[in-house]
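Down below is the structure, laid out as structure tokens.
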Amino acid sequence: MRRRYIGWIAGPAAAVLVAAGAITYAVAEDSGGSPEPKVPAAESADAGFARDMAVHHQQAVEMSYIIRDRTRNTEVRRLAYDIAQTQANQRGMLLGWLDLWGLPKVSAKPPMAWMGMGDMPERGDGSLMPGMATNTELKKLQALNGKQAEVLYLQLMTAHHKGGIHMAEGCVAKCTVGVEKRLAQGMVDAQQSELQVMAGMLEERGAAPRS
């Protein structure tokens with residue numbers, strides 16, 4: 001098991017490599033081989049999804065790194081490792097596309113505006129989009145150990161995945177860049193599968209997802 005967790009350190013470097021490959025693929029796939037890629041508008045669904053999901057993913061990576069140090073349970077650590085690696089790599093792709101398109105990584109419009117949800121009230125305290133944990137919840141996770149930390153992580157990540165799936169489904173419906181739509185659908189499929197895994201883990205611990 002010790003060799004598996006070398007990835008916790010190598011993750012950022014791997015994300016850069018995967019992002020570089022994804023950018024090259026996006027150019028070739030969605031421009032028909034032309035050296036000039038199709039560039040979506042700054043406030044398009046493609047750009048909005050890339051910006052918002054990059055922020056959403058960053059918190060999932062952060063939570064997964066926190067639980068790594070709060071539990072020794074192999075299954076929870078493996079799940080956290082997989083989530084951290086997958087979402088760090090995907091975040092690299094999303095930010096790489098914004099660079100490729102020459103678009104800013106921030107917008108004056110509120111999160112989720114590209115989905116028609118820009119007037120949605122925020123939870124506040126660091127929770128910018130549906131499913132995101134608050135700063136208070138993250139601090140609580142950092143203070144817990146063992147089973148208590150595992151349960152809170154699984155509950156927070158369950159809510160996080162549900163919010164992420166909603167956003168990814170929005171991209172599948174609204175985005176126009178083919179490779180980005182496919183990435184979004186892959187997020188939906190993978191995170192729905194992980195939701196089932198986390199539900200089973202919570203049940204094993206005598207807990208349930210938050211309502």
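The values are calculated or read from the model by the stated rules, or taken from the named source; none is laboratory data. What you are looking at is a predicted structure, and each value in this text was computed from that prediction instead of being measured. Ideal geometry is used to build each Cβ from the backbone, glycine not excepted, and the neighbour counts take in all protein chains shown. Areas reflect the complete protein model, heavy atoms only, side chains present, ligands, DNA and RNA absent. Shrake-Rupley method; radii C 1.70, N 1.55, O 1.52, S 1.80 Å.
For the stretch 157-193, which positions are among the aliphatic types (A, V, I, L, M) and open to solvent by less than 10 Å² (accessible area, probe 1.4 Å)?
Met157, Met167, Ala168, Ala184, Met187, Val188
Yes or no: the stretch 135-144 includes at least one residue that is at pLDDT 95 or above, hydroxyl-bearing (Ser, Thr, Tyr), over 18 Å from Val76 (Cβ atoms) and touching a Pro at 6+ places or on another chain (Cβ under 9 Å).
no
For the structure I just gave you, tell me whether Pro130 is part of a loop (DSSP other than H, G, I, E, B) and either without any contact (Cβ under 8 Å) to a residue 60 or more places away in the chain or charged (D, E, K, R) (or both).
yes
Find the residue count for the stretch 53-70, including only residues that are crowded, with 20+ Cβ neighbours inside 10 Å and outside any helix (DSSP H, G or I).
1
Given the conditions (1) open to solvent by 60 Å² or more (accessible area, probe 1.4 Å); (2) over 30 Å from Glu43 (Cβ atoms); (3) without any contact (Cβ under 8 Å) to a residue 60 or more places away in the chain; (4) not acidic (Asp, Glu), report the number of the one that Asn135 does not fulfil.
If we test Asn135 against (1) open to solvent by 60 Å² or more (accessible area, probe 1.4 Å); (2) over 30 Å from Glu43 (Cβ atoms); (3) without any contact (Cβ under 8 Å) to a residue 60 or more places away in the chain; (4) not acidic (Asp, Glu), just (2) comes out false.
Results for (1) open to solvent by 60 Å² or more (accessible area, probe 1.4 Å); (2) out of contact with any Asp or Glu (no Cβ under 9 Å at 6 or more places or on another chain); (3) at pLDDT 95 or above; (4) among the small types (Gly, Ala, Ser), shown as yes or no for each residue.
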residue	(1), (2), (3), (4)
Lys38	yes, no, no, no
Glu43	yes, yes, no, no
Arg51	no, yes, yes, no
Tyr81	no, yes, yes, no
Gln85	no, yes, yes, no
Ala88	no, yes, yes, yes
